[in-house]
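*Asks:* My structure is below; once you've seen it, I'll send some questions.
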Amino acid sequence: MSDDNLITDSSDLIDFEFLLTPDEIALRNVVRSFVDTEIRPNIAGWFEKAHFPLELIPELAALGLLGMHLTGYGCSGKSSVQYGLAALELEAGDSGLRTFVSVQGSLAMAAIYKHGSEDQKNEWLPGMAAGTTIGCFGLTEPDSGSDPASMTTFARRDGDDWLISGRKRWIGLGTIAQIAIVWAMTDEGIRGFIVPTNTRGFEAQLIEQKLSMRASIQTELILTDVRLPSTALLPKATGLRGPFECLNEARYGIAWGVMGAARDSFEAALAYSKTRTPFDRPLAGFQLTQQKLVDMAVEINKGTLLALHLGRLKDAGRLKPHQISLGKLSNTREAIKIAREARTILGGNGVTLDHSPLRHANNLESVRTYEGTDEVHTLVLGHHLTGISAFR
């Protein structure tokens, strides 16, 4: 391996790069370069203006990042670890950009890839991988977030067609999507449907005035007697197993991504502490500051090691749902602590968009909530440990 490929992260205490293959390092470097040139210089303005940069979608597609862990149908077929590294680097830029890749690839595309017919895969996945077709994933409802089994969106048969009515909320990309994967209750249980967003009766409304994930698109979907042909039904998805298999893909990516937000927060605090000179010495030279920096770096190393281990398990076909819950719960919880602690080192300057930690902390409030709250993942792990479900 050439030394030219080596990147030394200031938080790395364990020579993490030693654990990666040359292909993984190369992919990581490409995504980091993209973030440094295209996202980092602009993200403060995008966040302040609540703007999602649509112009980056073709570039993300050209890098092979849309549905990158899927094989065939125009997808790049990368490993789970490569996908995780890409998620980490994107979220070091901003959670909103990593979320776009997650919604498109791990949710909407994965739903079609895992549960769709061959005709559905051929019709939709190549355009989604190319970024010319955007998808969203409609599961969460205004009154059923952590309990999707209680969804009220209902699909009923009408001859050979389906009629769907209901509402979905906190749906990423809804206002720019060409298709929505909508999960609805039926007389046969929960089923998934591919809904073209130009179908009569389908409406997407932007959720505005957010305090978190401002450089992203979050929406509410309203479906009023949306008529679909029988070919819109995802044939291989029956019950909650269908959406949960997609959610686990997204949760896996989150376990990696949040460590990018944590690392970027740490690096911002470390750099600031070396140049800020209260009491005639660098802030980094004070014991309390060094303790904060060390505690942050220790957790970043632990969290990134956990994410890598989950990735190796996933690539070996051995990753279990409770292990994904462990990664999502632990890494997100620690990442938000790190972002908040990093902000304290920046003092009053840390509440401005000149610095990234508070932006990351605000974003992580959303990341900590979506794809399963801390409480939900705690109960998943509790069920695994005790054999007793505390949900019902």
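*Asks:* With a cut-off of at least 3 residues that are within 24 Å of ARG169 (Cα to Cα) and among the polar types (S, T, N, Q), name the helices (runs of 4 or more DSSP H) lying wholly within segment 303-391.
*Replies:* Where helices (runs of 4 or more DSSP H) fall fully within segment 303-391 and carry at least 3 residues being within 24 Å of ARG169 (Cα to Cα) and among the polar types (S, T, N, Q), they are 357-369.
*Asks:* All but one of (1) open to solvent by 30 Å² or more (accessible area, probe 1.4 Å); (2) at pLDDT below 95 hold for GLY372; which doesn't?
*Replies:* Only one criterion in (1) open to solvent by 30 Å² or more (accessible area, probe 1.4 Å); (2) at pLDDT below 95 is unmet by GLY372, namely (1).
The rows are residues; the columns are (1) under 22 Å from GLU17 (Cα atoms); (2) touching a helix residue (DSSP H, G or I) at 6+ places or on another chain (Cβ under 7 Å); (3) not polar (S, T, N, Q).
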position	(1), (2), (3)
LYS292	no, yes, yes
MET296	yes, yes, yes
ILE300	yes, yes, yes
LEU305	yes, no, yes
ARG318	no, no, yes
HIS322	no, yes, yes
LEU329	no, yes, yes
ARG333	no, yes, yes
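*Asks:* Identify, by number, the condition in (1) open to solvent by less than 50 Å² (accessible area, probe 1.4 Å); (2) among the small types (Gly, Ala, Ser); (3) part of a helix (DSSP H, G or I); (4) over 23 Å from THR175 (Cα atoms) that GLY45 doesn't meet.
*Replies:* (4)
*Asks:* Could you say whether any residue in segment 232-245 is crowded, with 21+ Cβ neighbours inside 10 Å, of a type in the set (Phe, Trp, Tyr) and either modelled with pLDDT under 95 or more than 30 Å from LEU358 (Cα to Cα) (or both)?
*Replies:* No.
*Asks:* As an exercise: evaluate ARG200 against (1) more than 18 Å from LEU234 (Cβ to Cβ); (2) more than 23 Å from the chain's Cα centre (by Cα); (3) in a strand (DSSP E or B) and give the number of the one condition it does not meet.
*Replies:* (3)
*Asks:* Residues being buried (at least 23 other Cβ atoms within 10 Å of the Cβ), within 18 Å of the chain's Cα centre (by Cα) and assigned to a strand (DSSP E or B): count how many of those fall in segment 165-191.
*Replies:* 4
*Asks:* Quick one: how many residues across segment 157-185 are out of contact with any strand residue (DSSP E or B) (no Cβ under 9 Å at 6 or more places or on another chain) and small (Gly, Ala, Ser)? Before the answer, list the steps.
*Replies:* Going residue by residue through segment 157-185, those that are out of contact with any strand residue (DSSP E or B) (no Cβ under 9 Å at 6 or more places or on another chain) are 159-160.
Checking which are small (Gly, Ala, Ser) leaves us with 159.
Number of matching residues: 1.
*Asks:* Pairs needed: first member in segment 15-36, more than 14 Å from ALA87 (Cα to Cα); second member anywhere, among the acidic types (Asp, Glu) and surrounded by 12 or more Cβ atoms within 10 Å (Cβ to Cβ); C-beta distance under 9 Å; at least 6 residues apart or different chains.
*Replies:* From segment 15-36, the pairs are PHE16/ASP9; GLU17/ASP9.
*Asks:* Given ASP280, ASP264, which one is at pLDDT below 95 and open to solvent by 10 Å² or more (accessible area, probe 1.4 Å)? Spell out how you get there, then give the answer.
*Replies:* Details: ASP264 fails: at pLDDT below 95.
Only one candidate qualifies: ASP280.
*Asks:* OK, next. Limited to segment 15-42, what total is found for residues that are surrounded by fewer than 12 Cβ atoms within 10 Å (Cβ to Cβ) and assigned to a loop (DSSP other than H, G, I, E, B)?
*Replies:* 2
*Asks:* Continuing with the same structure: Against the conditions (1) part of a loop (DSSP other than H, G, I, E, B); (2) open to solvent by 20 Å² or more (accessible area, probe 1.4 Å); (3) over 17 Å from MET259 (Cα atoms), where does SER10 fall short? Just the number, please.
*Replies:* It fails just one condition, (3).
*Asks:* While we're on this one: Taking ILE336, is it β-branched (Val, Ile, Thr) and buried (at least 18 other Cβ atoms within 10 Å of the Cβ)?
*Replies:* Details: β-branched (Val, Ile, Thr): yes; buried (at least 18 other Cβ atoms within 10 Å of the Cβ): yes.
Judged against the criteria, ILE336 is a match.
*Asks:* Is one or more of the residues making up segment 209-227 open to solvent by less than 30 Å² (accessible area, probe 1.4 Å), touching a Leu at 6+ places or on another chain (Cβ under 6 Å) and either at pLDDT below 95 or of a type in the set (Ser, Thr, Tyr) (or both)?
*Replies:* If we filter segment 209-227 for residues that are open to solvent by less than 30 Å² (accessible area, probe 1.4 Å), which is where we start, we get 210, 212-213, 215-223, 226.
From the residues that got through so far, the ones that are touching a Leu at 6+ places or on another chain (Cβ under 6 Å) too are 217, 219.
Still in the running and either at pLDDT below 95 or of a type in the set (Ser, Thr, Tyr) (or both): 219.
Yes: one or more hits.
*Asks:* Right, here's the next one. Is segment 286-304 home to any residue that is aliphatic (A, V, I, L, M), buried (at least 16 other Cβ atoms within 10 Å of the Cβ) and within 19 Å of the chain's Cα centre (by Cα)? So that I can check it myself, show each step before the final result.
*Replies:* Narrowing segment 286-304 to residues aliphatic (A, V, I, L, M): 288, 293-294, 296-298, 300.
From the residues that got through so far, the ones that are buried (at least 16 other Cβ atoms within 10 Å of the Cβ) too are 293, 296-297, 300.
Cutting the leftovers down to within 19 Å of the chain's Cα centre (by Cα) gives us 300.
Looking for residues that are aliphatic (A, V, I, L, M), buried (at least 16 other Cβ atoms within 10 Å of the Cβ) and within 19 Å of the chain's Cα centre (by Cα), one finds at least one in segment 286-304, hence yes.
*Asks:* Of (1) touching a Ser or Thr at 6+ places or on another chain (Cβ under 7 Å); (2) farther than 16 Å from SER265 by Cβ; (3) not β-branched (Val, Ile, Thr), LYS320 satisfies all except one. Which?
*Replies:* (1) is the only condition that LYS320 fails.
The values are calculated or read from the model by the stated rules, or taken from the named source; none is laboratory data. Quick caveat: nothing in here was measured; it's all calculated off a predicted structure. Please note: Cβ atoms are built from the backbone with ideal geometry, for glycine as well, and neighbour counts cover all protein chains shown. What goes into the accessible areas is simple: the full protein's heavy atoms, side chains included, and nothing from ligands, DNA or RNA. Shrake-Rupley method; radii C 1.70, N 1.55, O 1.52, S 1.80 Å.
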